[in-house]
1. For the full complex of protein chains and a 1.4 angstrom probe, list Y36, Y194, Y280 by accessible area with the highest value first.
2. Going Cα to Cα from K118, which aspartates and glutamates come in below 14 Å? Please leave out same-chain ones fewer than 8 positions away.
3. What percent antiparallel are the DSSP beta bridges of the stretch 49-156, to the nearest 5?
4. Evaluate the distance, in nm, between pseudo-label points positioned 7 Å from the Cα of S293 and of S161 along their respective Cα→Cβ axes.
5. Heavy-atom accessible area of W189 with all protein chains present, probe 1.4 Å, nearest 10 Å²?
6. Charges only on Cβ, +1 for Lys and Arg, -1 for Asp and Glu: so what's the dipole of the stretch 43-189 about the Cα centre, in debye to the nearest 20?
7. Which Rg and Dmax, in Å, describe the Cα atoms of the stretch 58-109?
8. Give the share of C-alpha pairs in each 5 angstrom bin for the stretch 21-65, from 0 to the last occupied bin, in whole percents, shortest bins first.
Amino acid sequence: MIRNSHLLELDTNAHELARVAAQVHGDRPLVAQQVYINTLCVCAVYDYLSQEGYTIDLLNRDSADPVLQAMMNVADLRIPQVGSVECRPVWSGDTILSIPEEVWSDRSGYLAVQLSPKPDENLAEPLPLASLRSIRTAVMLGFTPVPTAAIALTDLDPLDSLLRHIEAAQRPVHLPFPVREGVVSLMQWFQDVYDDTWQSVAQLLDRSDAELALNFRSRVMTLPSTLVAPPQRVERGKYITFTPPMHSPIQVIVVMGIITDTLSDLDICIEIHPGLQQTYLPPELALTVLNASQDPVMHVKASDDNDLMVLTFSAEQGECFKIQIHLGSECYEEQFQL
């Protein structure tokens with residue numbers, strides 16, 4: 001039995017936002033249908049959280065981006081100081097909440113939204129968007145912080161656990177270790193506090209390169225882990241530009257990912273991807289991790305036809321480390337604290 005659900009009427013504003021978002025994909029009817037339904041779910045969660053007193057920017061989300069809509073089955077809503085919550089559709093009679101793999105990372109949790117009534121037609125076939133206007137209500141069924149392919153609706157946490165999750169995430173965190181000046185505080189990333197130079201995946205990628213963007217999202221945060229509690233995940237990235245002599249500038253993308261089941265034990269994943277105009281990493285590119293004593297502890301070097309370099313390691317809150325990325329005589333470096 002599902003507990004603590006919440007019913008909302010879907011008004012004309014929600015349907016109009018869904019129609020405008022979907023009509024961009026008029027040449028791909030199934031994508032347009034998916035975007036319409038996902039947008040209704042996002043609007044329902046937005047209205048629910050607004051009623052609970054939260055201020056949210058409805059347009060600041062991956063699922064408002066037409067390119068990401070076309071690449072991914074995405075229905076996220078970004079909550080300040082919390083991150084993105086995924087608003088997944090289910091229908092009357094469904095017993096399972098399905099979560100697409102492409103949204104298993106960079107999410108604070110997943111909310112089941114039951115839309116009603118379900119159109120009589122088979123949703124595996126594209127429907128005229130006008131027929132989706134018959135969907136009149138949305139019920140928030142429950143919440144899970146855990147990314148998984150499928151979860152029984154009866155196993156979801158009660159809806160008020162979402163509110164507790166938001167309140168806990170927005171509560172100021174008093175770090176037991178002072179953050180040194182000029183050092184990136186990775187623990188603050190869990191509070192949605194970032195240096196402007198570290199961008200989200202959606203901000204980072206050139207919208208004209210959809211294939212790279214999809215590959216990028218599918219490969220981020222694939223680090224091995226033995227975590228047994230519901231994990232928290234976050235990743236950010238930035239462009240690094242090298243200017244070798246007698247050569248045009250070379251860009252790479254560095255991604256820092258963190259996953260934790262507590263605020264003390266963390267797994268770190270550092271990835272380096274080719275720049276948007278490149279297929280492979282430049283040969284001789286090297287990545288080194290140094291400990292707080294500036295001693296090298298991990299190292300990896302690109303070879304011909306490498307399109308990804310990865311280093312993963314575990315650390316505890318308060319630890320410091322530095323990364324160095326070398327190409328020829330140039331070196332980019334940055335310090336981090338957990």
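The values are calculated or read from the model by the stated rules, or taken from the named source; none is laboratory data. Fair warning: this is a prediction, and the values are worked out from it, not measured in the lab. Virtual Cβ from ideal backbone geometry, glycine too; neighbours counted across all protein chains shown. Areas reflect the complete protein model, heavy atoms only, side chains present, ligands, DNA and RNA absent. Shrake-Rupley method; radii C 1.70, N 1.55, O 1.52, S 1.80 Å.
1. From most accessible down to least: Y280, Y194, Y36.
2. D94
3. 65
4. Result for the modelled spin labels: 4.4 nm.
5. Only protein atoms counted, so the area is about 10 Å².
6. That gives the stretch 43-189 a dipole magnitude of about 280 debye.
7. When restricted to Cα atoms, the stretch 58-109 yields Rg and Dmax of 11.7, 35 Å.
8. 5, 22, 25, 21, 13, 8, 4, 1
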